[in-house]
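Before any comments, here is the structure.
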Amino acid sequence: MIYIVEDDSSIRELEQYALQTNGYEAKGFADGASFWLGVRAALPDLVILDVMLPDEDGYQILSRLRDTPATRTVPVIMVTAKTSEIDVVKGLDHGADDYLCKPFGIMEFISRVRAVLRRTRAGAPAAEKLLRFGGIEMDDAARTVRADGETVELTFKEYALLHLFLEHPGQVLARERIMKEVWDTDDLLESRTIDMHVRTLRQKLGPAGECIRTVRKVGYKLSSDAED
């Protein structure tokens, strides 16, 4: 079941119709209060969350979802009319798994939903191992991350991105490869998504995140070499 939180009835009904015609169950909510009633009745598999709402805004709802154990891992796609980078980063910082900026096409909308659900249902990588690099430690079995001994809360996409880096230390990962393996798309028009996720990932990891190096005009790599 996919929950849509959108106060514009025309947009909400369009999104709901698009999801249902593509084989998904969907339910719409006009505000935060009705959404929370729905969550208490049944947990969703995914939340499509608008930022501007009449009671709680989308950022507040997202923070509550991430602070509540029962809903902490529910994937969330933020939908916003705001297109500035700071608004997108704010959503990612609050724990969004992906975002869409209005106006967007229905095919793009369905593609993002499919990608997030596919990644979520795939779960953690099969190998139960501990990945380490510098001060970063990732436990796949427990699905936890620590940086310099401190627990770090990551979104689903941030976790997948860090996992990719940790699996390939010292290797330059091209943007095309990152987009394919983390976002399941070859569309480099969305490559700024990578930059914003790397930025928030570095911030959350603190000093340990400095090992995520930018390789100009190519991509990123995990390296402890100061000159990189």
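Cα gyration tensor of region 130-222, axes a ≥ b ≥ c as square roots of the eigenvalues: rounded (a/c below 1.5), prolate (a/b > b/c) or oblate? Can you show the working numbers first?
Values: a/c = 1.77, a/b = 1.56, b/c = 1.13.
Prolate is the answer for region 130-222, as a/c is 1.5 or above and a/b outweighs b/c.
Among Ala160, Ala141, Ala26, whose mean-square fluctuation peaks in a Gaussian network model of the chain (Cα, cutoff 10 Å)?
Ala141
Cross-link list Lys102/Lys217; Lys180/Lys217; Lys157/Lys204: which exceed 19 angstrom alpha carbon to alpha carbon? Spell out each step's value before the answer.
Details: Lys102/Lys217 29 Å; Lys180/Lys217 17 Å; Lys157/Lys204 13 Å.
Those over the limit are Lys102/Lys217.
Treating only the Cβ atoms of Lys and Arg (+1) and Asp and Glu (-1) as charged, compute the dipole magnitude of region 2-122 about its Cα centre; round to the nearest 20 debye.
540 debye
Would you work out the relative contact order for the chain, in percent, from Cα pairs under 8 angstrom that are 6 or more residues apart?
Here the relative contact order equals 13 percent.
Can you compute the FRET efficiency between Ser224 and Arg118 using 1/(1 + (r/R0)^6), with r the Cβ-Cβ distance and R0 = 45 Å? Round to the nearest 0.05.
Details: r = 33 Å, r/R0 = 0.74.
So, using R0 = 45 Å, E works out to roughly 0.85.
Nearest 500 deg cm²/dmol is fine: what mean residue ellipticity at 222 nm does the chain get from its DSSP H runs of n ≥ 4 alone, each adding -39,500 (n - 2.57), divided by its residue count?
-12500 deg cm²/dmol
Just want the answer: with Cβ charges of +1 for Lys and Arg and -1 for Asp and Glu, which residue in His94, Ile11, Val74 is farthest toward the dipole's positive end in region 2-122?
Result: Val74, furthest along the dipole toward the positive end.
Expected output is a single nm value to one decimal: the length gained when fully extending between Phe104 and Ser63, i.e. 0.36 nm times separation in residues minus the C-alpha distance. What is it?
Length gained, Phe104 through Ser63: 12.3 nm.
Helix 9-21 against the longest principal axis of the chain: what's the angle in degrees, Cα atoms only, rounded to the nearest 10?
70 degrees
Counting other beta carbons within 10 Å of each residue's own, what order do Trp36, Trp183 fall into, fewest first?
Going from least to most buried by this count: Trp36, Trp183.
Starting from the Cα gyration tensor of region 2-122, take the square roots of the eigenvalues, sort them a ≥ b ≥ c, and report rounded, prolate or oblate (rounded when a/c is under 1.5, otherwise prolate if a/b is larger than b/c, else oblate).
rounded
Let me spell out the model: positive unit charges on the Cβ of Lys and Arg, negative unit charges on the Cβ of Asp and Glu, origin at the Cα centre of the chain. What dipole size does that give, in debye rounded to 20?
460 debye
How far, in nm, would the chain grow between Gln20 and Met1 when pulled straight, counting 0.36 nm per residue and subtracting the alpha carbon separation?
5.8 nm
Read-outs throughout are calculated quantities, based only on the coordinates presented, and are distinct from any laboratory measurement. Here the structure is a predicted model, which means the values were calculated and not measured. Backbone-built Cβ (ideal geometry, glycine too); neighbour counts: all protein chains shown.
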